[in-house]
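In what follows, a structure is listed as structure tokens, so that the remarks can point back to it.
The values are calculated or read from the model by the stated rules, or taken from the named source; none is laboratory data. Because the structure is a prediction, the values reported are computed rather than measured. All Cβ positions, even for glycine, are placed from backbone atoms using ideal geometry, and neighbour counts span all protein chains on display. Surface accessibility is based on the protein's heavy atoms, side chains included, excluding ligands, DNA and RNA. Shrake-Rupley method; radii C 1.70, N 1.55, O 1.52, S 1.80 Å.
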Amino acid sequence: MKVTGRLSAMVKAAVVNRPKQILMLLGVMVGLLATQLPQFSLDASSDSLLLESDSGIQFYRAVRARYGDDGYLIVTWNPAGDLFSDQELDELGELRDELASLESVESVISILDVPSLRSPPLSTDQLSGGAPTLLDERTDRELAEKELKTSPLYANRLMSDDGGTTALQVNLVTSEAWTRLSRRQAELREQRLGDGLNADERRELRGVERRLDQLLEAEQARTMRAVGAVRDVLDGYRDRAEIHMGGVPMINADMIRFIRHDLVVFGVGLVIALAALLALVFRQLRWVVLPLASCAATVVTMMGLVALAGWAVTVVSSNFISLMLILTLSLNVHLVVRYRELHNLKPEADQRELVVDTIDSKFAPSLYTALTTMVAFGSLVVSDIRPVIDFGWMMVLGMAVAFSLTFLILPASLVLIPRGKSPSISHFTNRITGCFTKLIRRLPKTTLAVYGLVTVASAAGILQLSVDNRFIDYFKSDTAIHQGMKVIDQKLGGTTPLDIVIDADPEFLENQESANQALAMLGDPGFAATSYWYNTARLPTIDKAHDYVNSLDDVGKVLSLATSAEILRQFTGEDSLDNIQLSVIYKRLPDDVHEQLIEPYLSEDGQQIRIAARVYETSDTLERDALLETIRDYLVNELGIAPERVHLTGLMVLYNNVLQSLLGSQASTAAAVAIAVFLMFAVSFRSLRVAALALVPTVVSASFVLGLMSALGVPLDVMTITIAAIAVGIGVDDTIHYVYRFQEEFAATHNYDLTIERCHSSIGHAMYYTSIIIILGFSLMALSSFVPTIYFGLLTGLAMLIALVREHDAPASPVQHA
């Protein structure tokens with residue numbers, strides 16, 4: 001309390017004695033930070049939604065470096081007529097050529113460009129001279145159509161089962177620096193995966209990654225322009241075919257647009273709504289301008305600090321500007337309401353006295369509300385999800401800025417303007433507060449019993465919370481991301497990549513060098529003799545693994561060395577190939593065929609295979625964790641592959657790791673904030689009993705919302721896991737103000753009923769106003785295109801509403817006896 005008193009005295013001395021200097025200094029500070037706004041950056045990359053400590057990320061990146069990246073666009077083409085007619089193929093070729101001519105596009109791959117291996121069937125000798133394409137004179141069009149529909153390489157990948165939809169792969173141009181650094185990064189990551197890196201190479205990799213981070217924003221801007229240019233081209237063809245677009249670059253670009261949309265809509269919409277609310281409640285221009293000026297200074301300051309800190313705003317933190325407006329205005333409203341009450345009670349007091357008394361009355365509770373809110377957001381740093389961690393730190397810093405600027409800007413501004421006439425205080429909330437007062441007096445036990453039952457039911461629901469959600473459901477059905485993912489998922493073999501990487505037996509690798517030397521004495525041993533996997537002994541194992549993964553209901557297209565082996569057998573017309581034939585074919589394959597059949601599924605040394613699968617994102621039965629465990633169990637227990645040799649990776653695995661961490665994150669963040677807030681209450685109110693009772697309203701509201709999520713089937717995601725911590729942290733703000741006022745009034749009256757009546761008719765109004773502001777602010781998030789943000793806004797607003805009702809329905813009666 002002594003510390004609080006000293007801080008309050010310093011603030012009073014500054015704003016009362018030097019208001020002009022304070023405002024000028026703050027103006028300079030805000031102006032300087034505003035110069036950093038051009039550095040304010042956004043990040044919608046897949047890395048922004050990954051676990052901070054996920055050890056699988058490095059392996060995933062190394063696998064991408066070894067077997068190829070997925071940073072390309074997919075365009076689906078479904079014409080009204082026969083896809084393989086001359087007219088439709090000409091139009092497809094026209095689209096391909098126009099896309100390829102874009103400055104931002106490096107190349108385009110379509111059914112017109114891939115090698116036709118069975119149209120007519122080619123021998124290995126013919127194949128070595130180069131494979132024809134669909135429009136080649138050597139190609140039989142009917143056989144090519146059949147091959148594209150049935151080939152294990154192309155069917156359900158470039159061509160839908162019904163032959164009506166095909167896909168174009170659009171590879172985008174990257175900057176020379178980005179390309180060079182990315183290639184070096186890939187080389188170092190692959191080396192780290194194999195032989196490891198020495199100290200110099202580790203330093204080089206860190207430097208390369210830092211430089212790529214610096215280039216990220218420019219590369220994202222380039223990608224957005226490229227996606228926009230591709231869309232412009234596609235718009236010219238939409239009258240000829242049904243067209244959709246997908247792929248990681250498009251998702252990243254559209255997510256950036258969503259973030260920008262949310263920042264603007266939430267910010268501008270909230271300012272307009274809050275200005276109207278302030279005008280309605282206080283009906284004086286000063287009480288609109290001054291609070292909004294304080295909010296504007298806070299937001300600009302925070303955006304400048306975020307830019308200086310190098311934090312990139314993600315979909316998780318895209319609502320931080322709205323939160324800053326909401327929380328800053330809430331602090332301002334408490335000051336304004338108290339100032340107006342004092343002005344009404346002391347009509348003869350001068351302006352400085354009113355300002356001093358306002359600070360005296362509201363500094364301590366406001367400080368503790370700011371600290372508890374900071375603790376709530378600070379608890380998010382234990383979540384282990386990078387964007388959630390950054391969001392937590394942003395809001396911790398933001399709350400400190402909001403509190404500081406509120407108690408400097410509003411009081412200093414009031415000192416400089418005339419006091420004005422004593423306000424006529426008429427609150428539209430009087431009837432509401434009166435109803436709650438009567439309810440408490442008449443049915444105290446019934447009220448508490450109802451809330452007890454709600455709490456028990458909510459706790460039961462929380463135990464049933466699920467984390468199984470579909471990434472496609474993060475986006476509204478009318479968004480391009482949702483529509484593109486749905487078509488690719490249902491027509492072209494699934495959306496989410498799942499890679500199954502299996503290493504060679506370590507014993508084979510230990511004996512390989514001496515075996516190779518012995519074979520070399522007999523001449524060229526051939527690749528099948530030196531490779532662990534590419535030979536007649538191991539291909540059956542790959543076939544079994546491939547067939548099992550392909551048999552799973554939630555798995556779409558599967559490609560592997562088994563696919564390649566099946567196609568290679570077609571070249572010879574034989575049911576099986578010996579090692580000599582395998583080696584000869586491997587050596588004679590032309591580069592374009594080798595790139596299609598071998599490189600994506602077998603490491604260069606032949607000691608590691610990759611089974612590339614895609615999972616149906618639209619499947620209603622998909623349970624990612626169970627699916628991964630099923631695959632691993634088969635490979636280990638049925639095929640006898642040692643567990644340490646089996647690696648499941650890909651975006652599907654990394655996303656599943658995030659989902660599986662959510663329940664633990666929810667529990668840890670909620671527990672952390674509850675414990676921290678309880679300890680702060682104990683210090684503030686100097687009573688463990690009061691601290692426990694003061695925590696009850698927001699714990700009940702947070703529990704109710706989580707239980708409601710379970711009942712409605714709303715799963716936890718990277719946004720909704722923050723609801724409990726934020727609901728507790730923000731919800732206790734009103735509790736603190738109410739308990740402080742209760743203690744103050746009870747000390748004056750020593751009458752419990754009269755104290756409740758006075759609190760409800762004074763601080764109760766401020767609580768309603770701030771709660772309305774908070775609920776309104778969170779409700780505006782329903783305008784987002786990102787579904788988790790909508791759930792976050794509506795459910796957090798509901799938690800605030802329940803906390804408000806709980807505050808007034810069961811006020812701190814035990815404070816009287818504490």
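Numbers for the structure displayed
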item: Test: residue in region 777-784 that is modelled with pLDDT of 75 or more, among the small types (G, A, S) and open to solvent by 10 Å² or more (accessible area, probe 1.4 Å); result: yes
item: Residues of region 315-354 satisfying the condition of being aliphatic (A, V, I, L, M) and out of contact with any Gly (no Cβ under 9 Å at 6 or more places or on another chain); result: V315, V316, L331, V333, L335, V336, V337, L342, L345, A349, L354
item: Test: residue in region 707-722 that is in contact with an Asp or Glu (Cβ under 6 Å, 6 or more places away or on another chain), in a helix (DSSP H, G or I) and either open to solvent by less than 10 Å² (accessible area, probe 1.4 Å) or at pLDDT 70 or above (or both); result: no
item: Considering residues of region 333-380 that are free of Cβ contacts under 8 Å to residues at least 12 places away in the same chain and of a type outside the set (A, V, I, L, M, F, W, C) only, the residue farthest from F678 (Cα to Cα); result: E348
item: Set I481, I432, I462: member being at pLDDT below 70 and surrounded by 12 or more Cβ atoms within 10 Å (Cβ to Cβ); result: I432
item: A186 modelled with pLDDT under 85, assigned to a loop (DSSP other than H, G, I, E, B), out of contact with any Cys (no Cβ under 7 Å at 6 or more places or on another chain) and crowded, with 16+ Cβ neighbours inside 10 Å; result: no
item: Test: V690 is under 30 Å from D489 (Cα atoms), open to solvent by less than 40 Å² (accessible area, probe 1.4 Å) and among the β-branched types (V, I, T); result: no
item: Pair list, Cβ < 8 Å and 6+ apart or interchain, from region 582-602 residues that are without any contact (Cβ under 8 Å) to a residue 40 or more places away in the chain to residues that are crowded, with 22+ Cβ neighbours inside 10 Å; result: I598/L561; I598/S564
item: Conditions (1) in contact with a strand residue (DSSP E or B) (Cβ under 8 Å, 6 or more places away or on another chain); (2) at pLDDT 85 or above; (3) open to solvent by 50 Å² or more (accessible area, probe 1.4 Å); number of the one not met by H546; result: (3)
item: Check on I641, open to solvent by less than 40 Å² (accessible area, probe 1.4 Å) and in a helix (DSSP H, G or I); result: no
item: Residue count for region 372-384, restricted to those that are surrounded by fewer than 24 Cβ atoms within 10 Å (Cβ to Cβ) and over 18 Å from M324 (Cβ atoms); result: 3
item: Top-ranked residue in region 488-528 [being of a type in the set (D, E, K, R), farther than 23 Å from Y586 by Cα and open to solvent by 60 Å² or more (accessible area, probe 1.4 Å); ranked as modelled with the lowest pLDDT]; result: E510
item: Enumeration of residues in region 644-674 that are open to solvent by less than 20 Å² (accessible area, probe 1.4 Å) and closer than 27 Å to A62 by Cβ; result: V646, T649, G650, M652, V653, L654, N656, V658, L659, L662, S665
item: Filter result for R624 (open to solvent by less than 20 Å² (accessible area, probe 1.4 Å), farther than 24 Å from A537 by Cβ and in contact (Cβ under 8 Å) with a residue 60 or more places away in the chain); result: yes
item: Any hit, region 392-400, residues being among the small types (G, A, S), within 22 Å of the chain's Cα centre (by Cα) and either modelled with pLDDT under 85 or farther than 25 Å from V415 by Cα (or both); result: yes
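Conditions (1) under 22 Å from A459 (Cβ atoms); (2) over 19 Å from the mean Cα position of the chain (by Cα), marked per residue:
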residue: T649; (1), (2): no, yes
residue: V653; (1), (2): no, no
residue: A672; (1), (2): yes, yes
residue: A676; (1), (2): yes, yes
residue: S684; (1), (2): no, yes
residue: A691; (1), (2): yes, yes
